[in-house]
Every structure is written in structure tokens, then in C-alpha cells.
Amino acid sequence: MESRYNPANIEAQWQHTWAAHQLYKTPEESSKPKFYALSMFPYPSGNLHMGHVRVYTIVDVMARLKRMQGYRVLNPMGWDAFGLPAENAAIERNTQPAKWTYQNIDQMRDQLKQLGISFDWDREIATCSPEYYRWTQWIFLEFFKAGLAYQKEATVNWDPIDQTVLANEQVDAEGKSWRSGAIVERKLLRQWFLKITDYADQLLDDLNKLTGWPERVKLMQANWIGKSVGAYLEFPIVGMDEKVGVFTTRPDTVYGVSYLVLAPEHPLTQKVTTSDPSEPDGASRISAVEAFVQEVSTQTELERTAEDKPKRGIPTGGTAINPFTGEEIPIWIADYVLYEYGTGAVMGVPAHDVRDFQFAKQQNLPIKVVIMPPDQPTVSDLQAAYTDVGTIVNSGEFDGMVSTEAKGAIVAYAEKQGWGKARIQYRLRDWLISRQRYWGAPIPIIHCPNCGAVPVPESDLPVRLPEDVELSGRGGSPLGKLESWLNVPCPSCGTPAKRETDTMDTFIDSSWYFLRYPDANNDQAIFDRGKTNNWMPVDQYVGGIEHAILHLLYSRFFTKVLRDCNLLAFDEPFKRLLTQGMVQGRTYKNPTTGKYVLPTQIKDPANPIDPDTGETLEVVFEKMSKSKHNGVAPGDVIDKYGADTARMFILFKAPPEKDLEWEDADVEGQFRFLNRVWRLVTESAAFLKTTESQDLTKSEKELRRVIHTAIKEVTEDLQGDYQFNTAVSELMKLSNALGDFAEKSSPVFAEGLNTLLLLLAPFSPHITEELWRTIGQSESIHTQAFPTVDPTALVADEKTIVIQIMGKTRGTIEAATAIADDKTALEKFATESEVARRYINGKEIRKIIVVPGKLVNFVTA
């Protein structure tokens, strides 16, 4: 055995051994409790980054711990492999997305194995595999049969460069595409949607069941669903049979409506715009409205709704009747009203809505007060909208009511008169899943001129992506140009028909992948219900906070739909959720230009200077990225220090939910710790004795107390909130205690060394496996039972008592625990001690203050 720790040789040896013996193959026996540990699967970009290392190491420690604690563990891995990045990369390299993607998967799989992550690779999946997306398409057909998948015309975010639809979250604050950087356009397209709004109430109410989720994530989801209780009211249009419908959460303000605002895209916009040339400005108004509509169509939702942006609008010339007052009110269009939200129209109540007040002031529209603040009889000059509770005024028979009570009364009145009704509305919109690109799961629909949208028969699934396509990244989906794939007979009537050329949003793939892992190789069904219901729900899910809304919300939605299809026997997919923090690197930034400088260009890290301008640079920690020159390649760390050191640093530096600042000095510290453990074991192995001793010396008792304190603390740290950093600290304390212990041949020392390796095993699997064999063990350390606490070992035979004279510490004494914990006995014992006699030295004792188990303070004359 080498006296020097050589991680490269050790780690390569054990990775090969574990793979050969399939040490982490998932057991199916039902006698053990189950633990499903799951990390969010990655996009196969080709290289692991430190964020990957962090999340997979965190989950691996959980999985290893649970195996040692007697659980059957499922810890699978897969690849979120469809999507625009792979298609764009393939176009740039003049290759096919499939070839590019599978090359990346192979490379990243090898990197993960280098880290010693205990994945069950027999269950590996890739969403771009026909064996997987066959069942993605099958799920779509289940949604279609249930009336939860449909097509409609919709205004969408359109990337003019990538030629595809973008979700709102893929458009940045400047209105640019998250990937291409192009200014996003608004475009009307016929798109596929999933009716997630049908499950809005369940998705909101069942957040209460998620007691193992961070509160901030649940709040984010609740806000995204955005339940609003209010009323739907209708305003008849003058000179027309149609009405403008609005949703409002403030029906108590309806008597204060002084105008209506339509979204520019609203179907009524053109109808209500004055078109009679004999009317003043009739023809010019039509041109002005058309120009305004066109201008707004180029703006993003973020641009239109920004709080600090002036609200722009234009009158249509049309008017409506407020049925509650009988007054005619003007109809405007404005950029801040979105057709996709609510009814696409709002009632303007400037006296009691901040946005309406701003708009009315800009456009010189009437402002009518209908709610008075308490104890304020009149209002002379309204300086801002009053939005709180108050007394109803100027509202007919409702005058004098408290505004909160008036809401229900006014809605009841509207229902009686036929002007409206109570309604609950959600911010949540139906999920737009169409993508006009190649690299995604084809939507399994055939469009027939006679039958309409016809589902592909299940026997014909998967609808495979053809490989003979020309990818340009321009001009819509290349599938629409491939006649041999596009043209098919209708499954229902045989008429010549065409396949759907849109592919599915990749969020579809990740909304059910966790259901496939328990039965990943099933080629007859999406999964065996018994197997998936046996393993699900996931016991611990770990991933980035950036997925707190959409991925988690969509996964919950899919689970509920498949439950209603009698496939699943549970309501929620993930019992517990941990959102790990980012890994940040030291970054050198010019405060004037915002330019990032390479670390290799910094001559003096203590005084970093911009090599081009001579300015002093800011030194900050920011999320690792190539553009900031602050990334650390996992491979470089593993090559220099080994995978175990990388794992230990990731776990020790910060609690898992906090951001982690990468410091080379701290990595060195963990490498030194593992070297100390290596020397401790290799230099002591020859002296180890495992025979039990009945009569322990004082030092052996103290060491055994340290050993079992470490077991207790580490076990507690690895349960609940997963405080890996403090667990590592406890391991260091135990290592130091063993190193300081002189009697290396003591059975207690052997117990301590075994315990140290067993506690360390989930964190550093390679070095502990090697050292476990070094001390004569023949079976893998990862198949051993995790240590448990002996409560009797935690009870000290003696306690150290501090002796104080007049509040000043003069020394310590050792007292038997029975004496130390008894106030009267401790006072007598301390008074007779040599320390007390020496410092009291015949002085009168006026008072003795005793804190049992801790100190005795003598107050003398």
C-alpha cells in the first residue's frame, strides 16, 4: 500500500470494479422501504460544468446513505436531449442533431462515471430516442382523447431568426430571444395547446400537500397560477348588437367606469373603430388605429406591460353603455391590455386603479370617485388612485355600503339584470406546445380535408423523425418540405392527408420522464403501473431554482392527468424538493465598460488591473460561464485532485440551497483532509485490533464518546435539511480525534477508524472503498450498514467543571457525572478541591454559585 494518496489510480480501479459488478443496480424486492432519489436530468451539451457536479453529488450522497441504511434505492439518469440548441449546433457543424446529441451523451456519461455517481445506468433514457418519444406521443394522444389537447389561432412570440415560437420566459427584458438575440415579433399562428387551465384549481390547492417543498417555490407557483375572484360584466356597444366583456376583481367600482380599453388584437377593435367618412376624422381615425395596431404588434409582452413605461393608447371613436349608469363611455385601444389575458378588454376606473389613473391623466379622460376613504366625507382633487376599502358613493342603491360588502351585492344585481355574473379567473394560460423546428417529438396528428385533425393510430407510433432532412434554421420546420414524410392517407377515411409538421415543446419530454425510470426498458407500454406506483412519488428531487415554475408545474399537471387516466395512484410527483444554489467563480470585471477579463491576464490578484485600460478591476463572484471567464472545468479538478476531492469541496463549501463560491484554496483544504485520512488508515492498519474490551480506560471512553457523537451529528445532518457542510466538519473532528489518540492498538481506535470510513463513504466513495479493503474488509464498503448511535457511549463518566473565584476562572476539575449534575454534591466536591483551596487561601466564603455540570463560582470577602 502506498503511503501517498494517489486518487487517479484508485478512482479508475474502483469505477471499473463497480461497473463490472453492477453495484448500484436497482433492487426490486419489496421487503425494504423504498427511496427514489432523482436529480433533474441535463441537456447533453457535451461537457459537465460545476453546476452539474454539485447537483449530482448532492443526490449521490443521499442515495448512498439510504442504501447503507437498508433502503432499496432508485437513482437513475437520463438526458433531456431534444430542443433548439442541438439543432442549431448541428446546423453550425453541418451534421445531424442525432449524431451531435449522442456524441455529447457518450462524453457526459463518461464524465459522470468519473465522479463516482452511483446511477443505475441500466435505466438510462434519452428523450430523443424513438423508444422514449413513442410514449411522449402516446401521452399526447391520451390528452387529445380527453379533450385536453386542441388547436387554435394565437398571438405568439416569434423569433424571426430561429423561425420558431418562444414562450414568454424565453424573451428577455429587452424583448430579445433568449438564444438568437433577435428582437421578438408578435405573430398570429394556428398552434397546439394543452388545457392546463382545467387543472388550475387542483394545481393551486394541492400545493398545501407539498410539505417537503421550499415555501418560496410554492409561492412562485401560486403566483403563476394567479387565481382571481371577481365578476364578468358586459357593456353593450352603441349601434351594434355585440357587447364588450370584461373581467374585474373590483365590481364595487363599476359605477366609476369612464371608458373601456380593448387590446389592439381584440376582434372588436376593427368593428368599433368609426368607419363613416362623414363623421369627423372618421377615415383618418381608421388609418391611425391600423397604424397603432401594427406598431404594437412588434412589441413584446414585457415592453407593453412594464410598470415604468407610459401607457399608450388611441380612441376608436366607438362607444359603449355602462349598463349600471346608462352613460355612454368611449372605447379605446391601448398597448398595456393583452388579448391573451382575461377577456382582452378592461373597464377603466381611474379613480380606483393605479394604471387606469395614469392612463386617464395622460389622455384627459373623466375620473369619477365611487369609493371614499373612511372618515373622509368628500374629495376635492384626487392626486392618486384610491385602491383600499372604503364607503360606496355615487353608486345608486349601493351608496353607504362598505366596498367589500358591495362587491357581492353588485354582482348579484348584475346577474339579476343579465349584465354579468360571478367568475373565478386565472393568470395561468393554456400551455402552447407547438414548435416550428425539426429536433423534437413530432405531434402525432394527421390533418384530413374531410375528417379534420385525426390522431395517428397507436399501432403506428412512434411517428419517427425522418433522417433525410436538410436543416437551415430558416423558413419554418423542415418537416413541411419533406413530401415523402408529409403526405399520408387519412387513418379514418383514406383521403390524401398531411402530417402535423410542428414538434412538441421540450418541456413535454421532461414532464413525465420520472415516471419512466421505474420501468425504463418496457417496450409494450409506457410503464408497468405496478412498478411505477411502487416507486413513485419521488422521495427527493433536486434541481435548480430556475425550474421552480414551469418544469415543476407541468410535471404536476401531467401527473394529475395520468392519474385521471387510471395510470397513477398518487396526486403529486415529488414529495420533497431541494433547489440547490449556483456555483460561482471569481470574476474580474471592468466597472466602466462591464468587460470581463481573463484570470490569466491578471498579474497581481491582490491588485487586479485591466491590461488594456489600466483601470482597477472589480473582483466579484458570479455564476460560472464562458463569457465571464470564471468557469472551472470539472475534468481539470479531477485530474489534479481526484473526484473525491471535488465532491468533498462541493459538499463542504456551503449548504446545498445556498450559492457556492469556488476557491482553489478550499479545494486544496479538502485534498489535504483526504490525505490525512489516507495516512491515518494506512499507517495504523497493522496495529488494528477488533476484539472487544470490557474495561475501557478514560481516554478510550472519551474517544468512544467522540465516535458516537460524530455518528449522531452526521446522521442528523444528512436527514431533513441536508446540511452536508456541517457533516463534513464532524468528520474532520473525528479524524483529528483519531489522529491524536495514542493507543492505536485499542479496539476503540479500530471502532473509530471503521466508523470514520463508513461515515465518509457516501461523500468520498473511492478512497473509502480502497481504505476499507486496506483494513482487511472483503466486501464493498457501500454494501455495509451505516453506523448507528450507542446512546450509552454519549454519556460521559466525568465532566469538566470550571472553578471561578469572584467570577474569574482559576482552573478546572474533573467530577463524576453523578456529582457534577447534583448541585449540593458539586458544591461540596468543588469546595474541597485543590484548585478552590489554593485560590481561596483562608478567605471568608460569602456565597457559592453552582451551575450543575458546568461551573462553581466562589464569592469571597
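The values are calculated or read from the model by the stated rules, or taken from the named source; none is laboratory data. Keep in mind it's a predicted model, so treat the numbers as computed, not measured. FYI the Cβ positions are ideal-geometry reconstructions off the backbone, even for glycines, and counts take in every protein chain you see.
Considering region 444-465 alone, what residues qualify as being closer than 16 Å to residue 142 by Cβ and either part of a strand (DSSP E or B) or touching a residue at least 40 places away in the same chain (Cβ under 8 Å) (or both)?
Within region 444-465, 444, 445, 453, 454, 455, 456, 458, 461, 462, 463 meet the criteria.
Tell me which residues, restricted to region 309-333, are part of a strand (DSSP E or B) and in contact with a helix residue (DSSP H, G or I) (Cβ under 6 Å, 6 or more places away or on another chain).
The answer is 314, 316, 317, 318, 331, 333.
Working carefully through the options 336, 386, 341, 413, find the one that is over 30 Å from residue 292 (Cβ atoms) and either part of a loop (DSSP other than H, G, I, E, B) or acidic (Asp, Glu) (or both). Don't jump to the end; show me each part of the working.
Values: 336 fails: over 30 Å from residue 292 (Cβ atoms); 341 fails: over 30 Å from residue 292 (Cβ atoms); 413 fails: either part of a loop (DSSP other than H, G, I, E, B) or acidic (Asp, Glu) (or both).
Result of the check over 336, 386, 341, 413: 386.
Among the residues of region 602-622, write down those that are over 37 Å from the mean Cα position of the chain (by Cα) and part of a loop (DSSP other than H, G, I, E, B).
Within region 602-622, 603, 604, 607, 611, 612, 613, 614, 615 meet the criteria.
Any idea how many residues of region 628-650 are touching a residue at least 60 places away in the same chain (Cβ under 8 Å) and surrounded by fewer than 24 Cβ atoms within 10 Å (Cβ to Cβ)?
Residues flagged as touching a residue at least 60 places away in the same chain (Cβ under 8 Å) and surrounded by fewer than 24 Cβ atoms within 10 Å (Cβ to Cβ) within region 628-650 amount to 8.
Tell me which of these residue 523 doesn't satisfy, since it passes every other one: (1) part of a loop (DSSP other than H, G, I, E, B); (2) of a type in the set (Asp, Glu); (3) under 24 Å from the mean Cα position of the chain (by Cα).
(3)
Among 492, 511, which is more than 34 Å from the chain's Cα centre (by Cα), surrounded by 15 or more Cβ atoms within 10 Å (Cβ to Cβ) and in a loop (DSSP other than H, G, I, E, B)? Before you say what the answer is, go through the steps one by one.
Numbers: 511 fails: more than 34 Å from the chain's Cα centre (by Cα).
Among 492, 511, only 492 is more than 34 Å from the chain's Cα centre (by Cα), surrounded by 15 or more Cβ atoms within 10 Å (Cβ to Cβ) and in a loop (DSSP other than H, G, I, E, B).
So which pairs qualify, if the first residue must be in region 651-678 and assigned by TED's automatic domain parsing to the domain that holds residue 717, the second must be of a type in the set (Asp, Glu) and assigned to a helix (DSSP H, G or I), the Cβ gap must be under 8 Å, and the two must be at least 6 apart or on different chains?
What qualifies is 674/644.
Being within 25 Å of residue 714 (Cβ to Cβ), β-branched (Val, Ile, Thr) and in contact with a Leu (Cβ under 6 Å, 6 or more places away or on another chain) narrows it down to one of 783, 768, 774, so name that one.
Numbers: 783 fails: in contact with a Leu (Cβ under 6 Å, 6 or more places away or on another chain); 774 fails: in contact with a Leu (Cβ under 6 Å, 6 or more places away or on another chain).
Only one candidate passes the filter, namely 768.
Identify the single condition in (1) in the same structural domain as residue 595 (by TED's automatic domain parsing); (2) not in a helix (DSSP H, G or I) that residue 696 does not satisfy, given that it satisfies every other one.
(1)
Report every pair of residues separated by at least 6 positions or lying on different chains whose Cβ atoms are under 6 Å apart, first residue within region 394-408 and in the same structural domain as residue 251 (by TED's automatic domain parsing) and part of a helix (DSSP H, G or I), second among the aliphatic types (A, V, I, L, M) and surrounded by fewer than 21 Cβ atoms within 10 Å (Cβ to Cβ).
Sorted first by the residue in region 394-408, then by its partner, the pairs are 403/389; 404/389.
What number of residues within region 64-98 satisfy the criterion of being under 17 Å from residue 23 (Cβ atoms) and either in a strand (DSSP E or B) or touching a residue at least 60 places away in the same chain (Cβ under 8 Å) (or both)? Let's see the steps before the verdict.
Our first condition is that a residue be under 17 Å from residue 23 (Cβ atoms); within region 64-98, this holds for 64-77.
Still in the list and also either in a strand (DSSP E or B) or touching a residue at least 60 places away in the same chain (Cβ under 8 Å) (or both): 64-65, 67-70, 72-74, 76.
Qualifying residue count, region 64-98: 10.
Name the single residue that is nearest to residue 65 (Cα to Cα) among those in region 677-721 being in contact with a Leu (Cβ under 8 Å, 6 or more places away or on another chain) and basic (Lys, Arg).
Among those that are in contact with a Leu (Cβ under 8 Å, 6 or more places away or on another chain) and basic (Lys, Arg), it is 712.
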